[in-house]
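Computed from the coordinates by the stated procedures, all read-outs in this text should not be read as laboratory data. Not measured: the values here are computed from a predicted model. Positions of Cβ are backbone-derived with ideal geometry, glycine not excepted, and every protein chain shown enters the neighbour counts.
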């Protein structure tokens, strides 16, 4: 729904309306072209020996290693292990962060008790906690999942809390007028009102949890993508390191798509989505 | 006085040092349509809010039926619920959906039952808000400038709708407005509030349906404008009461001159 000023004028400028769409299409081509060109340069550089194989593996070699790793099921195994750690950590973070945000968002007492320590804890660099987590939880699965949970809990807490506090007081007043109970007020007014903000937190948490996992899996792990990469580093397998990086990039994309899909489903009422559907 | 719906006696409301309501007395009979006129900050919204139970007066007695509903200037529909979900929210019993549907049909929205508020026009949203109030079967309907944000044509339709709903449901209505014509078109009685005091009460006994060209309309308008403190010479033809020069409008010419 854009109204361009030239189109409203009755002059030969109407041909202008074609030009931008052509320009946009050619620009889209350029967008796809430049990464492909970079890839080609990379390959040429490696094949000609300009880039040493100790610096960076050639794309062709990365693909070969990827095939090799998937053929014997190693990659799938490590990926599944990592996925399950993220899933466990995120579940804990969602339950804990969501619960704490509800308590401090919905009651003044809860805010006094919970908010200050949460604000203090969130400034700690999680990676600096790795030694503590190893001392407390040993070297098994627990510290890895706990680190993910620890890092992911804060964005969820902060966004849900501020989402709850940001709900339109006029809607809360309306709920009072039509006599909603406190439970119904929370369910029908406050939580849906806080959801758009809280989903931003979920998205952020998912991103962070992968980041933390890479670090966590490089300490005393025997499986997972982080372990795979750590192992590859020890054996100077630069090709496998690149595979690992690509997996992370791919997972980032998948997570983004997942959350966008969630937003479209849960926030179908938002003007931006409603207008897009119409 | 046996059918008195609203009884307000000696109500005052202090906000800090400002007296928003100053010893207000107000009675509304069953089935009576009362308009409350006043400028911004005159205390009219504070009075409505105390009748709605949204504000507690500093002194005085407010007697209102429990079956009361408010329609605000903004529709205040929950954006994440469709029109019909908004109307049935908080209703109990298994006929809730059915009741909500017929309430929406009554305000002429049967074709927009499952529309989200973002897709409703201003008039449609305000009609959905009306349906949400009506479905709860109120005895007293409190309207807080519900047409102020609508365009003139939509406002005229809403006037007709309100009048027919008022008759059909035997409602007592308190309509807050700053539009003198709106008050004369709809109300049995118009009250003027100024600095927290009700300073005039004018019976409007024109036959219904009313229109601006009706004999007696202009006389009532002059009377009401006089009570508000606006004389005809201050007004361009047929405008609302609130056309006192505001700080913005006195500043405006200067800024234009500078540009």
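Springs between alpha-carbon pairs under 10 angstrom, Gaussian network model over chain A: which of A:43, A:28, A:119 fluctuates most?
A:28
Roughly what angle does helix B:152-168 make with the longest principal axis of chain B, taking Cα atoms, 0 to 90 degrees, to the nearest 10?
Once rounded, one gets 60 degrees.
Between residue A:70 and residue A:29, what FRET efficiency comes out of the Förster formula 1/(1 + (r/R0)^6) with R0 = 30 Å and r the beta carbon distance, rounded to 0.05?
On the way: r = 32 Å, r/R0 = 1.06.
Working from the Cβ atoms, E equals 0.40.
log10 I(q)/I(0), Debye, Cα-only chain B, no solvent, q = 0.08, 0.09, 0.13 Å⁻¹?
Result of the Debye calculation: -0.35, -0.44, -0.89.
Over segment B:105-210, what is the percentage of antiparallel beta bridges among all DSSP beta bridges, to the nearest 5? Write out the running numbers ahead of the final one.
Numbers: 6 of 11 bridges.
In segment B:105-210, DSSP labels about 55 percent of beta bridges as antiparallel.
How would A:161, A:227, A:112 line up from fewest to most surrounding beta-carbon atoms within 10 angstrom?
Details: A:161 28, A:227 20, A:112 10.
Sorted ascending by nearby Cβ count, the order is A:112, A:227, A:161.
Can you tell me, using C-alpha contacts under 8 Å and at least 6 residues apart, the relative contact order of chain B as a whole percent?
Working: 459 pairs, mean separation 60.9, N = 259.
In percent, rounded to a whole number, it is 23.
Using the alpha-carbon centroid of each, what span in Å lies between segment A:187-250 and segment B:36-107?
Each part reduced to its Cα centre gives a spacing of 49 Å.
How would chain A be classified by its alpha-carbon gyration tensor: rounded, prolate or oblate, with rounded meaning a/c under 1.5 and the a/b versus b/c comparison settling the rest? Show your work: numbers first, answer last.
Working: a/c = 2.91, a/b = 1.12, b/c = 2.61.
Oblate.
Test of understanding: in a Gaussian network model of chain A with alpha carbons linked when under 10 Å, which of A:228, A:100, A:191 would top the mean-square fluctuation ranking?
A:191
Based on alpha-carbon centroids, what's the gap between segment A:109-126 and segment A:135-173 in Å, whole number please?
So the separation of the two Cα centres works out to 11 Å.
With axes computed from alpha carbons, what is the tilt in degrees of helix B:122-134 against the longest principal axis of chain B, rounded to the nearest 10 within 0 to 90?
60 degrees
Please give the helix B:217-228 orientation as an angle from the longest Cα principal axis of chain B, in degrees from 0 to 90, rounded to the nearest 10.
70 degrees
For a quick check: sort B:153, B:91 by the number of other beta carbons within 10 angstrom, fewest at the front. Intermediate values should be presented prior to the final figure.
Details: B:153 9, B:91 17.
Ranked by crowding around the Cβ, least crowded first: B:153, B:91.
By its C-alpha gyration tensor, with a ≥ b ≥ c as the square roots of the eigenvalues, how is segment B:68-150 shaped: rounded for a/c under 1.5, else prolate for a/b larger than b/c, else oblate?
oblate
Given only helices, namely DSSP H runs of n ≥ 4 each adding -39500 (n - 2.57), what is the per-residue ellipticity at 222 nm of chain A, to the nearest 500 deg cm²/dmol?
Numbers: 13 runs with 204 residues, N = 278.
It lands at -24000 deg cm²/dmol.
Just to compare against my own numbers: the Cα pair-distance distribution for the protein assembly as shown, 20 Å bins, whole % per bin, please.
All Cα pairs considered, the percentages come to 16, 34, 29, 16, 4, 0.
State, as an integer percentage, the relative contact order of chain A based on alpha-carbon contacts under 8 Å between residues 6 or more apart. Don't skip to the end; give the middle numbers.
Values: 253 pairs, mean separation 58.6, N = 278.
Dividing the mean separation by the residue count of chain A yields 21 percent.
For peptide A:175-181, how many partner chain Cβ atoms fall within 10 Å of a residue's Cβ, on average? Provide the component values of the computation, followed by the final result.
Details: counts 4, 4, 14, 12, 5, 2, 1.
Mean number of neighbouring Cβ atoms from other chains: 6.
What number, in percent, do you get for the relative contact order of segment B:34-177 if the mean sequence gap of Cα pairs under 8 Å and at least 6 apart is divided by its residue count?
Numbers: 204 pairs, mean separation 48.2, N = 144.
That works out to 33 percent.
So if each residue of separation counts as 0.36 nm, and I subtract the Cα-Cα distance between residue B:197 and residue B:164, what length gain in nm does that give?
On the way: separation 33, 0.36 × 33 = 11.88 nm, distance 3.08 nm.
Length gained between residue B:197 and residue B:164: 8.8 nm.
Kindly put B:169, B:114 in sequence by how many other C-beta atoms sit within 10 Å of each C-beta, fewest to most. Spell out each step's value before the answer.
Numbers: B:169 15, B:114 9.
Final ranking by Cβ density, sparse to dense: B:114, B:169.
Per residue of chain B, what 222 nm ellipticity follows from adding -39500 (n - 2.57) for every DSSP H run with n ≥ 4, rounded to the nearest 500? Walk me through the numbers on the way to the answer.
Values: 8 runs with 86 residues, N = 259.
Taken over chain B, the calculation gives -10000 deg cm²/dmol.
Which one of B:76, B:208, B:155 has the biggest mean-square fluctuation once chain B is modelled by GNM with Cα springs under 10 Å?
Its mean-square fluctuation being the largest, the pick is B:208.
Between rounded, prolate and oblate, where does segment A:171-215 land on the alpha carbon gyration tensor, with a ≥ b ≥ c its root eigenvalues, rounded for a/c under 1.5, else prolate if a/b exceeds b/c? Intermediate values should be presented prior to the final figure.
On the way: a/c = 7.56, a/b = 4.16, b/c = 1.82.
Cα axes put segment A:171-215 in the prolate bin.
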